[in-house]
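Below is one structure; the comments refer to it alone.
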Amino acid sequence: MRVYVPLTLPGLAEVHRAGELGPAPLPAYAVTPELREWYVSDDIEELEYAALNRAALASLRLVAADAGAPRRRVVVALDVDDKAATAATAATAAPGADEAALGLVTLAAAVRLAVAAAVHVDADDADEDVAAAAGALEAADGGDTDAQHTVDAAEDHELLWFGVQEIPGLLK
């Protein structure tokens, strides 16, 4: 199963130093039955892209919570055994999580960074929109449609693909 772990650039630096993503339980996003139903597609590539986007939104929330973090979303893609990930359900998701929990899974153990399939990071030109989106998240969550448009503007930026060996260059 492909899972997508949301991080920030400082989080990626920490993971790189430690050599693993963790500690467990580790939140990630994947193609779950709930995500399939919500997205209404049988195309696995489309569904994985939707899971990646869910992780990118979770990364935006991490960026918003860390004033010192560069304004870039970061997602690490991993392939894990299906049994390694437990899907969040209405009973296990945080209260009020609703749509934010779509595709949410928990990894029961730390995962070595060396087995990551890719790292996805915003390009330099996304900084301004990501910064604005991070500042607008709370209002968007409260139903402010203008703030939601600001958040959506960050989501319009495609995350770039990097190999694990390129992480040191991303951290400069």
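At least 1 residues being within 24 Å of Leu137 (Cα to Cα) and in contact (Cβ under 8 Å) with a residue 60 or more places away in the chain is the threshold, and among the strands (runs of 3 or more DSSP E) wholly inside segment 1-91 those reaching it are 2-7, 26-29, 74-79.
The set of residues in segment 130-148 being within 13 Å of Ala64 (Cβ to Cβ) and within 19 Å of the chain's Cα centre (by Cα) consists of Val130, Ala131, Ala132, Ala133, Ala134, Gly135, Ala136, Leu137, Glu138, Ala140, Asp141.
Per-residue answers, yes or no, for (1) surrounded by 13 or more Cβ atoms within 10 Å (Cβ to Cβ); (2) not in a loop (DSSP other than H, G, I, E, B):
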position	(1), (2)
Ala114	no, yes
Ala117	yes, yes
Ala126	yes, yes
Ala134	yes, yes
Ala140	yes, yes
Gly143	no, no
Val151	yes, yes
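Restricting segment 153-172 to residues that are of a type in the set (A, V, I, L, M, F, W, C) and in a helix (DSSP H, G or I) leaves a set whose member that is nearest to Tyr49 (Cα to Cα) is Ala154. Determine whether Val111 is aliphatic (A, V, I, L, M) and in contact with a Pro (Cβ under 8 Å, 6 or more places away or on another chain). Answer is no for this residue. Looking across segment 5-43, the residues that are among the charged types (D, E, K, R) and modelled with pLDDT under 90 come down to Glu34, Arg36, Glu37, Asp42.
The values are calculated or read from the model by the stated rules, or taken from the named source; none is laboratory data. For clarity, every value in this text was computed on a predicted model and none was experimentally measured. With ideal geometry, Cβ positions are generated from the backbone for all residues, glycine too; neighbour counts draw on all protein chains shown.
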